[in-house]
Structure formats: C-alpha cells, structure tokens
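To start, the structure itself, in structure tokens.
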Amino acid sequence: MGMDIDAVRTFLAVADEGQIQIAAQELGITQQAASKRIAALERRLGVRLFTRTPRGALLTLDGQTFRPHARALVEAAERALAAVRPGSRPLRVDVLGTNLITNGLLHDFHRARPDVPLDVVALGDGRAALERVRDGGLDAAFWVCRVPDRRLPPGVSATRVVDEPVVLVTGAAHPLADAAEVTPASLAGHRIWMPGLAAGSEWAAYYEELAAAYGLTIDTGGPNLGGGHLLRTVADAPDVATLMGTRTPLVRPAGIELRTVPVVRPTPLYPLALMWRDDNPHPGLAALRERLTADYRPPAQEGHWLPDWA
C-alpha cells in the first residue's frame, strides 16, 4: 500500500497541535491543503483518524493506534533522505589498484581534505569502472582513457590528472644496474618481465605500444604471485628487469637489493584520467576534481613518450 509521507507528516502535526489551522501554518501550507491531505490519508487507510469538534481535531481510537507507527514511518523516511543527501555518505572512488599512483593521489587528497569521507575500491579494470560510474555505482574512477571523449557514455566526463614517468627496476647483477639512465631504445634485447599484464587491459595496451615503438621484449608469462615475488625474481636474476611507475610503492622483501634507473630520451609517461557523471551532486566529487586538476601540468611534448591514444 502506497503511503504519502507528506500526508503522514500532516497527520502528525494535526495530532500534536489539535488544530488543523495551526498545523497548516507550521507546515507552510493552507488549511484547505492540510484538510485534503488528511482526507486522502483516511481514504487510503479506510478509517477515520480524527473527530472534528468545535475545539479542534481529536484523535479517534484508530488515529491513536496509527500515531506511533506514523511517527516511525516519518523518522525512517527522514533517515533514508539523510543517507543519500549529497555529502552525507562517503565519496566512492575506484583507484584501479592499491599499489598504484592513483591510490597515492587519493592519499594526498585525504591529507588535504580530511573532512571528505572516502570509500576506496580497486576494481582493477577501467572498463568495469566506466560502467559503474555510468550506472551510479561509483562517484569517480581513475582509468587510462583509451576511449575518446566523444565516445564516452552520455553524461560521463573525464579529464587527465596525472602522467606517471616509467622507470627500469633491476637487480644488482643486471648489466644496466649501474647505469645513470637508460633510453627506451637501449632496452631492446633485454628481458622485461611483467607477469599479470592481462591481455586487453589498459596496462597491456600501453606496454604493447611502448614495446612496438622501441622493439622491446616484454614477457608477461609466468605466475603472478604479487609484487614481492616479482621483486625477488628481479633482484636474483642477472637477466631480468621490470618497468614500474615512479610512485608505485615498492614494498621490498627483506634481504634483496634493487636498482631504479630513470628512462629518458624520451621518458615514457603513463597517462591516467579521472571520470565522473556530470549530474553527480556529491560535494566531495567537486573537491576531488578541483584538487586533481589544479595539481596537473600537461607534459611537454619534447622528451616524453605517450601512446597515440593518450
């Protein structure tokens, strides 16, 4: 049975005041409108809620029975409205992965704006995040913008917020371990191991284009047993290296030695964008967008490499 919450609020106001006229004034409506609401509620319930007397409106037995339930109904409605009122719930943001620069960007935002509660998720799939943003399951998400803006779903926008330089990570025995810097072309012929680079993912698309541009050998085979296993393998093998972003957290297993070598002339940049629904009213979203776009500086074309779709 449908229930008009405004009519229930009017019932409670009349029950509390004992006068329809006074209740109407408190609700900011006319006495006629209040009377119509009460009459409609009585028709819906199939009972009389008030007895009209010269002294005012007195609750009937049915009205007295209904009163506590009506109050609980209004309180529940108010809690429901408060739960989704813009800014009352945490801002839900997808960071792709907890060991990526995107998570660091959100940490920076949280330190600057601790008043904005956050609900952080890591879907690991930009396409899935795009669908969740479009359908309202996420307030915002980071992704590698492989889809031109004109092909984003209607009502969804995206803007570039960070370009992360890529570095070479090796063990101490690797031939490039002591190099002050390397070029992408100089990495040709060296085995670069990146397990877990799933075909069709944003990461795979990026590194496939980088490999094609400079003749690199990127090995995506072998088990993906996590960052610790990757770093131990790189540290122990004289012929294995990997590529990472400069702000990728390196949680080094104890007892291993790693070298981080800048990649230059050009420096590969990994582009990441933030996307959101245009009609999302969450004030935290506006604050996040303002912070990230204010901090972003587009890279100079000279000296950097970006994929064609960036």
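Expected output is a single nm value to one decimal: the length gained when fully extending between His110 and Asp6, i.e. 0.36 nm times separation in residues minus the C-alpha distance. What is it?
Extending this stretch completely gives an extra 33.5 nm.
Pop the C-beta distance of Ala199 and Arg79 into the FRET formula with R0 = 51 Å and round what comes out to the nearest 0.05.
0.65
Per the 1.4 Å probe, what fraction of the accessible area of the chain, in percent, lies on carbon and sulfur atoms? Write down the numbers at each step before the final one.
Working: 8190 of 15990 Å².
Carbon and sulfur atoms account for 51 percent of the accessible area of the chain.
So, R0 is 45 Å and r is the distance between the beta-carbons of Glu290 and Gln25; what FRET efficiency does that work out to, to 0.05?
Working from the Cβ atoms, E equals 0.60.
Can you tell me the FRET efficiency between Asp279 and Arg44 if r is taken as the Cβ-Cβ distance and R0 is 25 Å, rounded to the nearest 0.05?
0.15
Roughly how many Å² is the accessible area per residue of the stretch 1-99, as a whole number, for a 1.4 Å probe?
On a per-residue basis, the stretch 1-99 sits at 59 Å².
Can you find, among Ala128, Val74, His190, the residue sitting farthest towards the positive end of the charge dipole of the chain, where Lys and Arg contribute +1 and Asp and Glu -1 at Cβ?
Selected residue: Val74.
Which of the following values of semi-axes √(5λ) of the Cα gyration tensor in Å was calculated from the structure shown: (i) 63, 19, 16; (ii) 42, 18, 15; (iii) 75, 36, 17?
Given (i) 63, 19, 16; (ii) 42, 18, 15; (iii) 75, 36, 17, the calculated one carries the label (i).
In nm, what is the difference between 0.36 nm times the number of residues separating Ala237 and His304 and their Cα-Cα distance?
Value of the extension gain: 21.2 nm.
Using a/c under 1.5 as the rounded threshold, could you call the stretch 142-263 rounded, prolate or oblate? The axes a ≥ b ≥ c are square roots of the C-alpha gyration tensor eigenvalues, and prolate needs a/b larger than b/c, oblate otherwise.
It comes out prolate by the Cα gyration axes.
So if I place +1 on the C-beta of Lys and Arg and -1 on the C-beta of Asp and Glu, and nothing else carries charge, what would the dipole magnitude of the chain be about its Cα centre? I want it in debye, nearest 20.
For this selection, approximately 1340 debye.
The values are calculated or read from the model by the stated rules, or taken from the named source; none is laboratory data. Here the structure is a predicted model, which means the values were calculated and not measured. Reconstructed Cβ throughout: ideal geometry from the backbone, glycine too, with neighbour counts over all protein chains shown. Accessible surface areas use protein heavy atoms only, side chains included; no ligands, DNA or RNA. Shrake-Rupley method; radii C 1.70, N 1.55, O 1.52, S 1.80 Å.
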